[in-house]
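Enquirer: To start, I am sharing the structure in question, which I have written as structure tokens.
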Amino acid sequence: MPTAIRITSTQKNMHLVEKMIDGVCAQLKLDEATYGKVYVGVTEAVYNSMLHGNALDAKKNIDINYEIKPNYRILKVTVTDEGNGFNPNELPNPIAPENILKESGRGVFLIKQMATRYTYNTKGNSITMEFDY
């Protein structure tokens with residue numbers, strides 16, 4: 001199974017991401033709760049890359065890489081887009097009263113809840129998430 005895939009920024013390619021997640025989670029024999037965290041975290045990161053990073057430009061790519069660290073029981077996933085990046089510290093709090101009824105703006109919040117650890121690169125166009133299993 002490949003440890004990296006590259007997709008173009010079209011929503012029809014989400015099935016390729018899901019297939020990769022299913023494969024690695026089956027390989028690691030993850031329980032249902034951990035699988036759910038990986039699934040939500042990675043798909044949110046990819047969707048954010050498509051929509052916000054690459055502005056659904058089908059000519060721009062998203063790279064999804066994963067690494068298994070079996071001695072530490074860690075699955076590390078990195079999602080990188082070709083966009084200009086952003087500063088995650090400047091995002092509004094999606095659970096603040098003024099934002100709670102908004103239809104979007106919860107992706108990064110969800111990723112923070114799902115991943116055991118996460119970091120963004122300096123540019124803000126790549127996130128690395130770690131999931132303990």
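The values are calculated or read from the model by the stated rules, or taken from the named source; none is laboratory data. If you're wondering where the values come from, they're calculated on a predicted model, not measured in any experiment. Cβ coordinates were reconstructed from backbone atoms using ideal geometry, including for glycine residues, and neighbour counts include every protein chain displayed.
Enquirer: Filter segment 85-95 for residues that are assigned to a loop (DSSP other than H, G, I, E, B) and under 17 Å from the mean Cα position of the chain (by Cα); which is modelled with the lowest pLDDT?
Expert: My answer is LEU91.
Enquirer: Moving to a separate point now. Which ones in segment 84-133 are among the small types (Gly, Ala, Ser), within 25 Å of LYS60 (Cβ to Cβ) and without any contact (Cβ under 8 Å) to a residue 24 or more places away in the chain?
Expert: Scanning segment 84-133 gives SER104, GLY105.
Enquirer: Filter segment 113-129 down to residues that are part of a loop (DSSP other than H, G, I, E, B) and among the β-branched types (Val, Ile, Thr) and give me whichever is farthest from GLU67 (Cα to Cα).
Expert: My answer is THR122.
Enquirer: Another question, then. Residue check: is ASP63 in a loop (DSSP other than H, G, I, E, B) and either under 15 Å from the mean Cα position of the chain (by Cα) or of a type in the set (D, E, K, R) (or both)?
Expert: Criteria not met by ASP63.
Enquirer: Residues in segment 71-90 that are surrounded by 14 or more Cβ atoms within 10 Å (Cβ to Cβ) and farther than 21 Å from MET20 by Cα: how many?
Expert: Here the count works out to 4.
Enquirer: Looking at (1) within 11 Å of the chain's Cα centre (by Cα); (2) part of a loop (DSSP other than H, G, I, E, B); (3) not charged (D, E, K, R), which one does SER104 not meet, given that it meets all the others?
Expert: (1)
Enquirer: Next up: What number of residues within segment 9-42 are more than 15 Å from the chain's Cα centre (by Cα) and either of a type in the set (D, E, K, R) or outside any helix (DSSP H, G or I) (or both)?
Expert: The total comes to 6.
Enquirer: Additional query: Scan (1) more than 23 Å from TYR133 (Cα to Cα); (2) in contact with a strand residue (DSSP E or B) (Cβ under 7 Å, 6 or more places away or on another chain); (3) surrounded by fewer than 22 Cβ atoms within 10 Å (Cβ to Cβ); (4) not small (Gly, Ala, Ser) for the single condition MET50 breaks and write down its number.
Expert: Unmet condition: (3).
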